[in-house]
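Note sheet for the following structure.
The values are calculated or read from the model by the stated rules, or taken from the named source; none is laboratory data. All values reported here derive from a predicted model rather than from experimental measurement. Here the Cβ positions follow ideal geometry from the backbone for every residue, glycine too, while neighbour counts run over all protein chains shown.
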Amino acid sequence: MKLLNMLAVAATAIGLSVFAPVGTKASNLVTNGDFEAFTGGYNSTDPSQLEWGTHTGPDYTNLTSWQSGDGTNGTGDDRTGAGYNFLVKNGTADTTGSYSPQFGQSVTWWGSNNGGNDVITSSSNGGNFVALDPVFQQGPLTQTITGLTIGTVYELKFEWAAAQQYTYDGPTTEGLDVTFGTSTQSTATVNLGNHDFSGWMSETFKFTATSTTQDLVFMATGGPDKTLPPFVFLDGVSLTAVPEPSTMIGSLLMFSVFGAVWARKRFAA
């Protein structure tokens, strides 16, 4: 009996003083990673081209907690950093699409509703998603993440898909470069056939924090050029701290100790 009491007390002490509570879910450090929160938009209600540089105001979308482009305007149609990026309502990509106040026209993507080869499906998250152009006015999508612990490993999860702008023809390539702080990782490159849609893919990257505040940056990549506009869709972004090994071992040890106590009591009875 004394042994059982000692084991129970020890296990409780382990759980309370050293290790994280079992079943605690890590907090998502990304705000609005599902892209549902926004203001403005086409006719002040519908998702549209994201604000960038001095391109703000009526019909542009302000995507809560995110910045499109690098804040500069540059020159020419291919100005890097501008951000030809859009918020798109689920189910509209190959119908009404998203509106570009910069050019005064709707932007849509090849899908089964307009003669494309594939159904543009929803991500597992559903709802709105972001469309990023990697060749025409290529610009980043950025969120500043605070409250980080230097040296801690963080797990980034997101879904993405490869698509092509409607009315343009030819095969394209698509991918994403993801930067967190000073470290960059890249997805595989998708080779997309004419008028195709890749379907949604899940991605997981791990980054180690080097500062308490870091920018999380998504930059679409692809080609061949602006005459065959490739696009990258993005949704369901989350960033959580990875439990330290000692925490996981401690949780297992706590389970083992309580299991041994329970088994001993059962057989003693």
For LEU29, the lone unmet condition from (1) at pLDDT below 95; (2) assigned to a loop (DSSP other than H, G, I, E, B) is (1)
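Of all residues being aliphatic (A, V, I, L, M) and in a loop (DSSP other than H, G, I, E, B) in the range 128-184, which is farthest from TYR84 (Cα to Cα)? Just the residue, please.
Initially, the range 128-184 is screened for residues aliphatic (A, V, I, L, M), giving 130-132, 135, 141, 145, 148, 150, 153, 156, 161-163, 176, 178.
Okay, now just the ones that are also in a loop (DSSP other than H, G, I, E, B), so 135, 148, 150.
Working: VAL135: 9, LEU148: 30, ILE150: 33 Å.
Once the filter is applied, the top-ranked residue is ILE150.
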>> Just to be sure before I move on: is GLY57 on the phi > 0 side of the Ramachandran plot, touching a Gly at 6+ places or on another chain (Cβ under 9 Å) and of a type outside the set (Lys, Arg) in the structure I sent?
In response: yes
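Okay, residues lined up against (1) over 20 Å from the mean Cα position of the chain (by Cα); (2) among the β-branched types (Val, Ile, Thr):
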position	(1), (2)
TRP160	no, no
GLN185	no, no
THR189	no, yes
GLN214	no, no
VAL217	no, yes
VAL232	no, yes
PRO245	yes, no
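Okay, residues lined up against (1) closer than 30 Å to ALA209 by Cα; (2) outside the structural domain of ASP235 (by TED's automatic domain parsing); (3) not hydrophobic (A, V, I, L, M, F, W, C):
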site	(1), (2), (3)
THR108	no, no, yes
GLY126	yes, no, yes
ALA161	yes, no, no
GLN164	no, no, yes
Counting only residues that are modelled with pLDDT of 95 or more and either among the basic types (Lys, Arg) or in a strand (DSSP E or B) (or both), the range 47-88 contains a total of 12
Considering residues that are surrounded by fewer than 19 Cβ atoms within 10 Å (Cβ to Cβ) and free of Cβ contacts under 8 Å to residues at least 60 places away in the same chain, the number found within the range 141-180 is 8
Note to self: Can you confirm whether ASN125 is of a type in the set (S, T, N, Q), closer than 21 Å to SER238 by Cα and either at pLDDT 95 or above or part of a loop (DSSP other than H, G, I, E, B) (or both)?
What the structure shows: yes
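Return the only residue of ASP118, ASP133 being under 22 Å from the mean Cα position of the chain (by Cα), surrounded by 16 or more Cβ atoms within 10 Å (Cβ to Cβ) and acidic (Asp, Glu).
ASP133
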| query | When you look at SER202, is it exposed (fewer than 15 other Cβ atoms within 10 Å of the Cβ), within 13 Å of the chain's Cα centre (by Cα) and in contact (Cβ under 8 Å) with a residue 12 or more places away in the chain, yes or no? | reply | yes
### Message
When you scan the range 192-209, do you find a residue that is assigned to a loop (DSSP other than H, G, I, E, B) and of a type in the set (Val, Ile, Thr), even just one?
### Response
no
Here the qualifying pairs (Cβ atoms under 6 Å; residues six or more apart or on different chains; first in the range 227-245 and assigned by TED's automatic domain parsing to the domain that holds GLN49 and at pLDDT below 95; second crowded, with 21+ Cβ neighbours inside 10 Å and part of a strand (DSSP E or B)) come out as LEU228/THR172
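What are the residues in the range 43-67 that are aromatic (Phe, Trp, Tyr) and surrounded by fewer than 20 Cβ atoms within 10 Å (Cβ to Cβ), if any?
Correct list: empty.
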